[in-house]
Amino acid sequence: MRAEKEEEGDYASKGLRVVTIDGPSGAGKSTIAKTLAKRLGWNHLDTGSMYRAVTLALLREKVDLADPESVQAVLDTLDLRLEGGGKVFLGKEEVSQLLRDPDVENLVSAVSALPAVRARMKELQRREALRGPLVAEGRDMGSVVFPDAQYKFFLDASPAERARRRHQDFEAQGLHVPRDKVLAELERRDRLDSTRKDAPLVRTKDMESVDSTHLGIQEIVDRMVARVRAGLPSGEGPQGSSAGGKP
């Protein structure tokens, strides 16, 4: 507890530069965050991959999520690392290509709702921010993990469009999942993420809403870059825009 308080004190006192992008599954957070981080020359934090990696670790150990001690045992020995190029490691094994497996997708919201998991992830996520300016994407980045971030965005899209994107992701991996099943799973995850007791998915008043249903990647990123470079909090000042492809 003392170490955690010291780390939170370090985080709060350093005036760290952080952009947060929150939103539901399939809204395009990863694509936008990666592109934005590259444009700014900042680090990128893919928290979705972190939660999927924890989910994969729990699946491999056949842990009963209702057993707090078993869950904590996995968390205590978890060796989770994020490296350049979006690579995710559990121990020495790169597991990046396994994180979109349907079994992981189906369980990740339940795993993410566990207070012990969220506490461990918040610790790791805040540690990343101490390494330099950060673009952080997830479901509670601006509301819980980095509540004092200067720039906060809430990225959303229609359920049908999000299901289309996720279906494309599965097809690209050679996984043939019916689109109606993908949509049903997204809607189930939305309910779980927005109603969980610990750090639910919410849009706070200081987040700028961006609907990516009909917007291109560059249009969204240009708007965010303009905010950061102008030093303006989200929701203030002029917005930049340009044409681009869809997330």
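The values are calculated or read from the model by the stated rules, or taken from the named source; none is laboratory data. Small disclaimer: the values here were computed from a predicted structure and weren't measured. A quick note on method: Cβ atoms are made from the backbone with ideal geometry, for glycine too, and the neighbour counts reach across all protein chains shown.
Would you list the helices (runs of 4 or more DSSP H) that sit entirely within the stretch 39-120 and hold 2 or more residues that are free of Cβ contacts under 8 Å to residues at least 12 places away in the same chain?
The helices (runs of 4 or more DSSP H) meeting that bar are 68-76.
How many residues, within the stretch 39-61, are of a type in the set (Val, Ile, Thr) and within 23 Å of Leu16 (Cα to Cα)?
1
Here are Thr20, Thr31, Thr35: which of them is in contact with a Pro (Cβ under 7 Å, 6 or more places away or on another chain), β-branched (Val, Ile, Thr) and surrounded by 18 or more Cβ atoms within 10 Å (Cβ to Cβ)?
Thr31
Which residues, counting only those in the stretch 136-161, are closer than 24 Å to Asp180 by Cα, over 15 Å from the mean Cα position of the chain (by Cα) and either free of Cβ contacts under 8 Å to residues at least 60 places away in the same chain or not in a loop (DSSP other than H, G, I, E, B) (or both)?
Residues satisfying the conditions are Ser158, Pro159, Ala160, Glu161.
Exactly one of these conditions fails for Leu175: (1) surrounded by 14 or more Cβ atoms within 10 Å (Cβ to Cβ); (2) in contact (Cβ under 8 Å) with a residue 60 or more places away in the chain; (3) farther than 18 Å from Asp22 by Cβ. Give me its number.
Only one criterion in (1) surrounded by 14 or more Cβ atoms within 10 Å (Cβ to Cβ); (2) in contact (Cβ under 8 Å) with a residue 60 or more places away in the chain; (3) farther than 18 Å from Asp22 by Cβ is unmet by Leu175, namely (1).
Out of all the residues in the stretch 72-113, which are β-branched (Val, Ile, Thr) and buried (at least 17 other Cβ atoms within 10 Å of the Cβ)?
Once the filter is applied, which keeps residues that are β-branched (Val, Ile, Thr) and buried (at least 17 other Cβ atoms within 10 Å of the Cβ), the stretch 72-113 yields Val74, Val88, Val95, Val104, Val108, Val111.
When the stretch 14-37 is examined, which residues are found to be at pLDDT below 95 and over 19 Å from Phe146 (Cβ atoms)?
Ser25, Gly26, Gly28, Thr31
For Met224, state whether it is within 16 Å of the chain's Cα centre (by Cα) and at pLDDT 90 or above.
So Met224 fails the test.
Starting from residues that are free of Cβ contacts under 8 Å to residues at least 60 places away in the same chain and outside any loop (DSSP other than H, G, I, E, B), keep the ones in the stretch 195-217 and report whichever is farthest from Phe146 (Cα to Cα).
The selected residue is Asp211.
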